[in-house]
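S.K.: Here it is: the structure, laid out below.
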2 protein chains.
Amino acid sequence: MTQTSFPAFLLLFILLSTLTRVHALWPQPRSLQTGSEALKLSPTFDIIVSGNIHFLPLDLREAISRTKEQVKNDRLGRVVVGRGSSDQPLLFQAKQLDALYLSFGEHATMSSIADEARKPLESRDEAYLLSVPCDGSPATLVANSSLGAFRGLATFTQLWYNFNGTTYALHLPVDIVDSPSYPYRGFMLDTARHYFPVIDIKRMLDAMSWVKLNQLHWHAVDSQSFPLQVPRFMDLAHKGAYSPDEVYTPDDIADIVSYAGARGIDVLIEIDTPGHTSVISKARAEHIACPEFMPWRTFANEPPAGQLRFASPATTNFTASLLEAVATMFPSTLFSPGGDELNTNCYDQDKETQSILSSTGQNLEQALDRFVRTTHQAVIDLGKTPVVWEEMVLVHNVTLHPETIALTWISSDSVKAVAQKGHRIIHAAADFFYLDCGGGGWIAPDLAGNGYCDPFKTWQHAYSFDPLANLTTEEATLVLGGEHLLWTEQSSSANLDPIVWPRAAASAELYWTGPGGNTSDALSRLHDLSFRLQKRGVNAIPIQPLWCALRPGACDLPTTSST
Amino acid sequence: MTQTSFPAFLLLFILLSTLTRVHALWPQPRSLQTGSEALKLSPTFDIIVSGNIHFLPLDLREAISRTKEQVKNDRLGRVVVGRGSSDQPLLFQAKQLDALYLSFGEHATMSSIADEARKPLESRDEAYLLSVPCDGSPATLVANSSLGAFRGLATFTQLWYNFNGTTYALHLPVDIVDSPSYPYRGFMLDTARHYFPVIDIKRMLDAMSWVKLNQLHWHAVDSQSFPLQVPRFMDLAHKGAYSPDEVYTPDDIADIVSYAGARGIDVLIEIDTPGHTSVISKARAEHIACPEFMPWRTFANEPPAGQLRFASPATTNFTASLLEAVATMFPSTLFSPGGDELNTNCYDQDKETQSILSSTGQNLEQALDRFVRTTHQAVIDLGKTPVVWEEMVLVHNVTLHPETIALTWISSDSVKAVAQKGHRIIHAAADFFYLDCGGGGWIAPDLAGNGYCDPFKTWQHAYSFDPLANLTTEEATLVLGGEHLLWTEQSSSANLDPIVWPRAAASAELYWTGPGGNTSDALSRLHDLSFRLQKRGVNAIPIQPLWCALRPGACDLPTTSST
């Protein structure tokens, strides 16, 4: 234990940190080469589309405009002591960047960002090349799709800092060759426990796009409320929304889908079935078994109880029609009919289910198989791939289309078993990616008030997740990516941003850059991201005292701060 | 286990809940009598001060104006299914309330709310009587002080709901006899790990006043930053604030004190000494031992290391002058010179301290005793009572003024020992009242990322706290009350409201109404409060799914839902 005073030790440390630290890029590009020069952004900086492009999709043109606004308006001070004042000597002799030239490869398909983002998962082209020289010559961004260009633009905006009105970048020249490690990088929002206004969802989509998340998993309805206005099924929201104001109209839905698409995000809509459907009883009582039965814990994992009477042919047809009607509102090739937490006791107690079972000679699982095949087929007939919660693969004996994708949520330990069944996987493990955990239980009167999935899932924990743990090489090919999830028992507009950001960025980098990242290296970039999110109107929280944020490495534990 | 369908069981249950449920008052008055009639608020409702009051303090007049605005503008729907539609039959025949008559007892002293709020703890008069009849005759509020009247006004605003433009109250007539169980009911905000703009602090003060909290414990400075501009010590903020914008000017401070006072809140300023003072080294290097030494964990519980060189007479004089200068900026009779987490290793390594100790023949504890006596005396000479962290009583062998109050923070288990030393106590236990716990550690690279005081402290947990546990009757008289605390390593403007509200309301009721409250009974009132806070611009979070909030009792665990 030796005494080392600040000036000598820490200044050296900070210097080293600064030198070895690359740009505030999040997610980190998969290939990044940097130099040591600075570059100023010209006040007349422009983005110019080059080559013989006859038609530039509207959403890409708008993305280019937003990019120019962002590099001009972010005005993010560098997250170091002095906030960039020490960069001034470098800037003195720095060249100016006048333009970014955006061009497309000769095989580029010039469909819109939205169209590319909504293609089947593995065929979306998100790759791009970005070069920013330091000699004042134009930067270049090359992609083979509007979506790839959009990803490159997002990266470009993260290069820039501001000090005293000068916008500048460091570590130039920069050469980036980038594309995602995994095709599915998502965020799930539950709009049933609490309703979120469209403006919240749009702000979330913006933030998602800035970290290259490409999939909104919209858990739109649940037992508590049915905010989704579905043509031909308008009574469900009319009677099942929390209030007439807390609904998503068909126009809202189209608006959300369009806004997402223009930001490179596909919307995976989920209508959870056959469990988590109590609220349907408000409008269609005949389809729901054990509606709001008490004590609820006997009939459901969460109040209120109530599940689709899936043994009934009428309920099966109703559900198939509902899924079909919802699925046609969303252009995605993915659709989720849910499938989690089915409570069998509900059906044991349901006279109508028992009567159907005894008259048809089926058992409950056989009836479920029939229901799942029929309702999933309605979705498959629309050219969509079902995305189900893991129980459909692991717990129930039902026939799934072989292309069916499973969300492994109960635990990261479920992944191996799902892979062994040959289904593709989206990581959604409660023990890593549930953003609501650790905020206290909400079921009275629990004095301790602990939650079902304590403790809080830190960004470090999610960041350290290994998507391929325990999988064979062949099984590993089944992993499509993953998502952070927000169940909203204790969330509303009041805390949406702080509970999600910057934590959800951990999986964004995990699935874009790939696993194995070092949390200490990531930390300072995550600070940058958090501050940039704030600059752009998202209430991301600080993950360290500002003193630490401004001094990369200085708050690390001694065991690593000496490296 | 019997099957009970919703309509019969739950409707009865909700009906019972509604009948037994009193008003959405928080904190619950200590004596409350209610009836079963409704009452509408007249569109011309006014608050009239009666009796021979020659002079009404300005802050009370302003509070009366705000009260009228609140009852008119809250427009809070009742937190039940239908949001008040079922109250309409009751309203049909309800009388209108035209006025609230505010009067003062014959021994009333008509000083301002602020003056009363800043009196010594046990002499503040917060009592009031509130009667709201249902026959249309005026409501009456009687108090012996402006502060008591202000508390009564806060209660009055919580009686009112709104449905379709009609403002109304239920359970009339209401008769309330109220005064606090404990004189100190606080909230601590740390503005050193992160800076909070004045507007945030004011919003916090408003919310505090609505739940009758009466003490802001302002942990203004710490090792990370020194945002407080103190005349004659301006260099401390000049060199120690995070930035020139992140300071509290003398005008800001006066503004905060005045705003708080007008809301019945006294400001207990804390200048933590002799630990937690690293940042002073930026301006007055000579007074700080081990400034920013690494590895920090050897020299401090949290980075950066650095503590006042308390063995030095010059440092002692500097500190006494600083405390005096700060104390004169605050009218409170309380002042906190801090006193937690002193790291002795810092001094073992400090040549100057060692040299002073050896030349004077003192040991470290003797030097500390001298420092504490001198610096505390500077505060006592101004007529103020020192408020210290528990280590000053339990860990160090220092001479404290017998009136010194201790904040028991390390654990609720510390309380008994402090009481046995005869010091008065403010409960501030980390295991009950720390709002920052459970949000994940922030020291890299901790993969698990757990925090030092996990788990999250739920409102239920704080609410169940027994302030007198293990104390004798005599020791119990030493308990002044308590506070919720927000250390801001991971908090900023971005999440101030959601991390504090409604949780901090738990201790507000605990120390006003007294302990022993039932969380199930409290739950629906807390929902009401949370929604009312939202209506008034505070981002309080939901503590249950809205489905549960709208159905008191329906989400309780079966074991209690059958009562």
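S.K.: If you bin every alpha carbon distance in the protein assembly as shown into 10 Å steps from zero, what whole percent lands in each bin?
M.R.: That works out to 2, 10, 17, 21, 20, 16, 10, 4, 0, 0, in percent per bin.
S.K.: Please report the accessible area of A:Y182 (heavy atoms, 1.4 Å probe, ligands and nucleic acids excluded) in Å², nearest 10.
M.R.: That residue has around 20 Å² of solvent-accessible surface.
S.K.: Let me ask something else. Work out from phi, with θ = phi - 60° and the Karplus expression 6.51 cos²θ - 1.76 cosθ + 1.60, the ³J(HN,Hα) of each residue of the stretch B:491-504, listed in order in whole Hz, and give x for Gly and Pro.
M.R.: Per residue, the Karplus-derived 3J(HN,Hα) values read 10, 8, 3, 4, 9, 4, 4, x, 7, 9, 10, x, 4, 5 Hz.
S.K.: Do any cysteines in the protein assembly as shown lack another Cys Cβ under 4.7 Å, and if so which?
M.R.: Result for the protein assembly as shown is A:C134, B:C134, no neighbouring Cys Cβ within the cutoff.
S.K.: Please compute the alpha carbon radius of gyration of the stretch A:334-421, then divide it by the globular-protein estimate 2.2 N^0.38 Å. Two decimals is fine.
M.R.: 1.16
S.K.: Can you give the net charge of the other residues whose Cβ lies under 13 Å from the Cβ of A:V174, counting K and R as +1 and D and E as -1?
M.R.: -4
S.K.: Which residues does a label at B:I48 reach in the stretch B:132-153, if reach means a backbone N under 19 Å from a point 7 Å past the Cα toward the Cβ?
M.R.: Hits in the stretch B:132-153 for B:I48 at 19 Å: B:132-143, B:153.
S.K.: Roughly what % antiparallel, to the nearest 5, for the DSSP beta bridges in chain B?
M.R.: 30 percent
S.K.: Then there is this: How long is the gain from A:S179 to A:N164 if the chain were fully straight, where each residue apart is worth 0.36 nm and the alpha carbon distance is subtracted?
M.R.: Using 0.36 nm per residue and subtracting the Cα-Cα distance, I get 2.0 nm.
S.K.: Mean 1/r over all different Cα pairs, inverted: what Kirkwood radius does the stretch B:6-180 give, in Å?
M.R.: Its Kirkwood hydrodynamic radius stands at 17.0 Å.
S.K.: Note the angle between two axes, namely the Cα long axis of helix B:198-210 and the longest principal axis of the Cα atoms of chain B, as a number of degrees from 0 to 90, rounded to the nearest 10.
M.R.: Long axis of B:198-210 versus the principal axis of chain B: about 50 degrees.
S.K.: In terms of modelled amide H atoms, which long-range or inter-chain residues lie less than 5 Å from the amide H of B:H194?
M.R.: B:T488
S.K.: I've got another one for you. To the nearest µm²/s, what D does Stokes-Einstein give for the stretch A:184-517 at 20 °C and 1.002 mPa s, using the Kirkwood radius over alpha carbon pairs as Rh?
M.R.: Translational diffusion coefficient: 107 µm²/s.
S.K.: Write down the percent of antiparallel bridges among all DSSP beta bridges whose residues are both part of the stretch A:174-326, to the nearest 5.
M.R.: If I count the DSSP bridges inside the stretch A:174-326, around 15 percent turn out antiparallel.
S.K.: In whole Hz and in residue order, list the ³J(HN,Hα) couplings for the stretch B:103-120 that follow from phi through the Karplus curve 6.51 cos²θ - 1.76 cosθ + 1.60, θ = phi - 60°; x for Gly and Pro.
M.R.: Residue by residue, the stretch B:103-120 yields 9, 10, x, 5, 9, 5, 10, 8, 7, 6, 4, 4, 4, 5, 5, 9, 5, x Hz.
S.K.: Can you list the copy-to-copy distances for A:T473, using a point 7 angstrom from Cα toward Cβ, in nanometres, shortest first?
M.R.: Going from nearest to farthest copy, the values are 8.1 nm.
S.K.: Also, quick follow-up: With a 1.4 Å probe and every protein chain left in place, tell me how much accessible area B:M329 has, in Å² to the nearest 10.
M.R.: The accessible area of B:M329 comes to roughly 40 Å².
S.K.: If you don't mind, another one. Would you check the accessible area of B:E324, probe 1.4 Å, heavy atoms only, in square angstrom rounded to 10?
M.R.: About 80 Å², rounded to the nearest 10.
S.K.: Working with all protein chains in place, sort A:T360, A:T374, B:T408 by solvent-accessible area computed with a 1.4 Å probe, largest first.
M.R.: Ranking A:T360, A:T374, B:T408 by accessible area, largest first, yields A:T360, A:T374, B:T408.
S.K.: Now, a different point. Pull up all non-local amide H partners of A:Q96: gap of 5 or more, or a different chain, and H-to-H distance under 5 Å with H placed in the peptide plane.
M.R.: A:K40
S.K.: Something else now. Does anything in the stretch A:416-430 have its amide N under 18 Å from the 7 Å Cα→Cβ label point of A:T472, and if so which residues?
M.R.: Flagged as within label range: A:416-425.
S.K.: Principal axis lengths of chain B from Cα atoms, whole Å, largest first?
M.R.: 86, 66, 48
S.K.: Now, a different point. Which whole-Hz ³J(HN,Hα) couplings does the stretch A:64-75 yield from phi under the Karplus relation 6.51 cos²θ - 1.76 cosθ + 1.60, θ = phi - 60°, glycine and proline marked x?
M.R.: Once rounded to whole Hz, the list reads 5, 4, 4, 4, 5, 4, 5, 5, 7, 9, 4, 6.
S.K.: Buried accessible area between A and B (1.4 Å probe, both chains summed, ligands and nucleic acids excluded), in Å² to the nearest 100?
M.R.: 6200 Å²
S.K.: About the Cα centre of the protein assembly as shown, what is the dipole size in debye to 20, counting +1 per Lys and Arg Cβ and -1 per Asp and Glu Cβ, all else neutral?
M.R.: About 1380 debye.
S.K.: If B:H238, B:H171 are ordered by their accessible area, calculated over protein heavy atoms with a 1.4 Å probe, which sequence runs from highest to lowest?
M.R.: B:H238, B:H171
S.K.: Still on this structure: Of all DSSP beta bridges in the protein assembly as shown, what percent run antiparallel (nearest 5)?
M.R.: Antiparallel bridges: around 30 percent, rounded to the nearest 5.
S.K.: Sorted from shortest, what are the nm distances separating the label point of B:N301 from equivalent points in the other copies, each placed 7 Å from Cα along Cα to C-beta?
M.R.: Copy-to-copy label distances at B:N301, shortest first: 3.8 nm.
S.K.: Could you pull out every residue, at least 5 positions away or on a different chain, whose amide H is within less than 5 Å of the one on A:I269? Hs are placed 1.01 Å off N in the peptide plane, and Pro or chain starts have none.
M.R.: Here A:W218, A:S336 satisfy the definition.
S.K.: Okay, moving on. Name the lysines eligible as straight-distance cross-link partners of B:K351: C-alpha to C-alpha under 30 Å, and not fewer than 8 places from it in the same chain.
M.R.: Cross-link targets: B:K239, B:K282.
S.K.: Measuring from a point 7 Å out along Cα→Cβ, what nm distances, shortest first, does B:R61 have to its partners in the other copies?
M.R.: In nanometres, ordered from closest: 6.1.
S.K.: How far is helix B:364-380 tilted off the main Cα axis of chain B, in degrees rounded to 10, range 0 to 90?
M.R.: For helix B:364-380, the angle is close to 50 degrees.
S.K.: Moving on. Can you compute the helix-only [θ] at 222 nm over the protein assembly as shown? Use -39500 (n - 2.57) per DSSP H run of at least 4 residues, normalise by all residues, nearest 500 deg cm²/dmol.
M.R.: Helix contribution divided over all residues of the protein assembly as shown: -10000 deg cm²/dmol.
S.K.: Ranked from the most accessible area to the least, with a 1.4 Å probe and all protein chains present, what is the order of A:D190, A:D369?
M.R.: A:D369, A:D190
S.K.: Quick one: net charge of B:T109's neighbours, Cβ under 13 Å, K/R +1, D/E -1?
M.R.: Computed value for this residue: -2.
The values are calculated or read from the model by the stated rules, or taken from the named source; none is laboratory data. Note that this is a predicted model, so its numbers are computed, not measured. Virtual Cβ from ideal backbone geometry, glycine too; neighbours counted across all protein chains shown. When the accessible area is computed, the model is the full protein with side chains, heavy atoms only, and any ligands, DNA or RNA have been set aside. Shrake-Rupley method; radii C 1.70, N 1.55, O 1.52, S 1.80 Å.
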